[in-house]
1. Whole Å is fine, so just give me how far the alpha carbon centre of the stretch 190-249 lies from that of the stretch 150-164.
2. On full extension of the chain, what length is gained from residue 79 through residue 29, given 0.36 nm per residue of separation minus the C-alpha to C-alpha distance?
3. Taking only DSSP H segments of four or more residues, each worth -39500 (n - 2.57), what value at 222 nm results for the chain once the sum is divided by all its residues, to the nearest 500 deg cm²/dmol?
4. I need the peptides 188-199, 173-184, 235-246 ranked by packing, meaning the mean over residues of other C-beta atoms within 10 angstrom, with the highest value on top.
5. Just one of (i) 36.4, 124; (ii) 19.6, 65; (iii) 19.7, 70 is Rg and Dmax of the Cα atoms in Å as worked out from the coordinates here. Which one is it?
6. Residue separation times 0.36 nm, minus the C-alpha to C-alpha distance between residue 126 and residue 230: what's the value?
7. Restricting to Cα pairs below 8 Å that are 6+ residues apart, what does the relative contact order work out to for the chain? Please round to a whole percent.
8. So who's got an amide H within less than 5 Å of the one on residue 39, skipping anything under 5 residues away but keeping other chains? H placed 1.01 Å off N, in plane.
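The values are calculated or read from the model by the stated rules, or taken from the named source; none is laboratory data. Note that the coordinates shown come from a computational prediction; the quantities given were computed from them, not determined experimentally. Positions of Cβ are generated from backbone atoms using ideal geometry, with glycine treated the same way; all protein chains shown enter the neighbour counts. Remember, those area values only see protein heavy atoms, side chains included, never the ligands or the DNA or RNA. Shrake-Rupley method; radii C 1.70, N 1.55, O 1.52, S 1.80 Å.
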Amino acid sequence: GHCGNPPSCTQHCVKPLSCKHSCKKQCGTPCTTKCEELVSAGSMKGCSHGAQIPCFLSQKMEGNEVMPCHQKCGKTQACGHICQGTCSACSSIGLHAPCNEPCMRKLVCGHPCLGVCGAFCPPCKQKCPLSCPHGPCKTKCGEECRPCKEKCSWKCDHKKCTKKCGSKCNKIPCEEQCVKLLECRHKCGAFCGDLCFCVICSNITPGPSMVRLECKCIVSLDQVKNMNLTEFVSIFQCPICSQTIGYNP
């Protein structure tokens with residue numbers, strides 16, 4: 001610079017402030033009165049992030065006052081998803097933010113929920129999985145099925161139902177053994193009027209009251225009864241493969 005007008009210093013000021021931190025302003029200019037050095041702001045109960053704030057703000061805090069932590073909570077919720085709420089919000093009320101991940105819980109109908117995880121599951125809008133021998137149900141899954149008006153086709157050589165298909169059958173299960181000869185040249189292992197199956201080809205242990213479901217699994221009536229005794233309300237599912245059974249004679 002010119003004589004008598006020395007150039008300004010470009011270095012940072014190193015003078016200590018009243019808080020003991022160094023001044024961060026340019027040397028030669030008045031020292032700051034607001035120290036920007038980050039210091040711990042204390043931690044709320046349940047917070048592991050250790051929130052930090054500028055030193056001058058910490059000097060205005062009183063007693064056990066702590067600053068809110070704006071970091072993501074990051075804890076695993078009961079649903080299995082990671083909480084996306086802020087740490088201080090979850091810590092202060094003791095509850096996590098509602099989960100906005102896809103729900104995918106299995107509904108009563110067997111379809112996955114397409115709503116968000118933290119909300120009530122909406123009615124299912126997919127096709128109803130139920131059917132009868134006259135065709136599939138044509139309503140949406142969350143709507144009431146329209147009873148079929150055709151004659152019930154459940155019959156065997158010994159007994160038959162005389163009601164409409166959509167009504168409760170008045171045919172009791174036939175206890176006669178099916179006499180059909182299957183394509184495998186073995187005798188049918190089912191009761192008369194039930195879906196045929198071969199005990200030998202299916203490689204199952206013969207037992208009392210075995211039935212074949214529409215998913216082709218062969219189960220005992222005890223397994224069917226146990227599935228119906230569960231505390232969960234749902235359409236009947238195969239005890240072996242868990243497929244929803246839309247219709248079974």
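1. The distance from the Cα centre of the stretch 190-249 to that of the stretch 150-164 comes to 21 Å.
2. Numbers: separation 50, 0.36 × 50 = 18.00 nm, distance 5.67 nm.
Gain in length upon complete extension: 12.3 nm.
3. Details: 4 runs with 23 residues, N = 249.
-2000 deg cm²/dmol, from helical runs alone.
4. Values: 188-199: 18.3, 173-184: 12.6, 235-246: 15.6.
Descending packing order for the listed peptides: 188-199, 235-246, 173-184.
5. Checked against the structure: label (i).
6. Details: separation 104, 0.36 × 104 = 37.44 nm, distance 2.47 nm.
Gain on extension, residue 126 to residue 230, equals 35.0 nm.
7. Numbers: 415 pairs, mean separation 20.6, N = 249.
Relative CO of the chain lands at 8 percent.
8. It is 53, 55, by chain and number.
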